[in-house]
Amino acid sequence: AQSVSQHNHHVILSEAASLELGCNYSYGGTVNLFWYVQYPGQHLQLLLKYFSGDPLVKGIKGFEAEFIKSKFSFNLRKPSVQWSDTAEYFCAGALYNFNKFYFGSGTKLNVKP
Amino acid sequence: DAGVTQSPTHLIKTRGQQVTLRCSPKSGHDTVSWYQQALGQGPQFIFQYYEEEERQRGNFPDRFSGHQFPNYSSELNVNALLLGDSALYLCASSLDRGLSSGELFFGEGSRLTVL
């Protein structure tokens, strides 16, 4: 069965610290992977996506993620977080036809100024 | 350019009642998907509508039904409400079932509380 899991439910960092949020997926075939972010009081929005090609993908606001097929992982990274990165982050996967997305349970990131 | 809009934003129902939630997709989008997000969980796929037909369905009972109109807007109906149906219901739109870009655009959701 397809699934996406996120390891960290709540992360607290100080500004300028580095961030890495874990995401693992379980799929039987070609997978497309996404990170979505939900800022306080706002709707879910796309941070970055991976379909194929270069396994290191860059998104908005300095975020990047690396697809490691051998580890079934798609971890999100940012070298230096800002207070404005405080949000909930969701990893998601979809099969080739994008008709159904599987979301992880989310990671709440709290960045202290 | 209007994004995805949902109504109502909040509502309270009692067990056994029925509810209808509405969604207008982002301008230019023709596909609507519905997700249920329980507290502390990620969104779970309910179903997808394209060309006024249900194209894909998640693991939800028949009490959950939907409709898509010719203008691409959509409704989610839940009958015989249970306490466990309390959640945030998210509508997401895309173009061409998502095949064009793979990206979902979400509304802010309708928060349903069942007492």
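The values are calculated or read from the model by the stated rules, or taken from the named source; none is laboratory data. This one's a predicted model, so the numbers in the text were calculated from it and none came from an experiment. Note that we place each Cβ from the backbone using ideal geometry, even for glycine, and neighbour counts take in every protein chain shown. Only protein heavy atoms, including side chains, enter the accessible area calculation; ligands, DNA and RNA are left aside. Shrake-Rupley method; radii C 1.70, N 1.55, O 1.52, S 1.80 Å.
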Yes or no: segment A:49-69 includes at least one residue that is within 12 Å of chain B (Cβ to nearest Cβ), in a strand (DSSP E or B) and in contact (Cβ under 8 Å) with a residue 60 or more places away in the chain. no
Consider segment B:57-115. How many of its residues are within 17 Å of B:Pro8 (Cα to Cα), more than 14 Å from every other protein chain (Cβ to nearest Cβ) and among the charged types (D, E, K, R)? 2
Does any residue in segment B:54-79 that is under 14 Å from B:Thr31 (Cβ atoms) come within less than 7 Å, Cβ to Cβ, of a residue that is of a type in the set (A, V, I, L, M) and surrounded by 15 or more Cβ atoms within 10 Å (Cβ to Cβ) six or more places away or on a different chain, and which pairs are these? B:Gly66/B:Leu76; B:Gln68/B:Val32; B:Tyr72/B:Val32; B:Ser74/B:Val32
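Would you call A:Gln82 polar (S, T, N, Q) and within 14 Å of chain B (Cβ to nearest Cβ)?
Here the answer is no, as A:Gln82 does not meet what is asked.
Which residues, counting only those in segment B:31-45, are touching a residue at least 40 places away in the same chain (Cβ under 8 Å) and either touching a Leu at 6+ places or on another chain (Cβ under 6 Å) or not in a loop (DSSP other than H, G, I, E, B) (or both)?
Within segment B:31-45, B:Thr31, B:Val32, B:Ser33, B:Trp34, B:Tyr35, B:Gln36, B:Gln37, B:Pro43 qualify.
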Among the residues of segment B:79-101, which ones are buried (at least 17 other Cβ atoms within 10 Å of the Cβ) and in contact with a Lys or Arg (Cβ under 6 Å, 6 or more places away or on another chain)? B:Leu81, B:Leu88, B:Ser93
Across segment B:53-78, what is the number of residues that are part of a loop (DSSP other than H, G, I, E, B) and either open to solvent by 50 Å² or more (accessible area, probe 1.4 Å) or within 14 Å of B:Thr20 (Cα to Cα) (or both)? 9
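Could you pull out the residue among B:Ser93, B:Ser33 that is closer than 15 Å to A:Phe98 by Cα and touching a Pro at 6+ places or on another chain (Cβ under 7 Å)?
Answer to the selection: B:Ser93.
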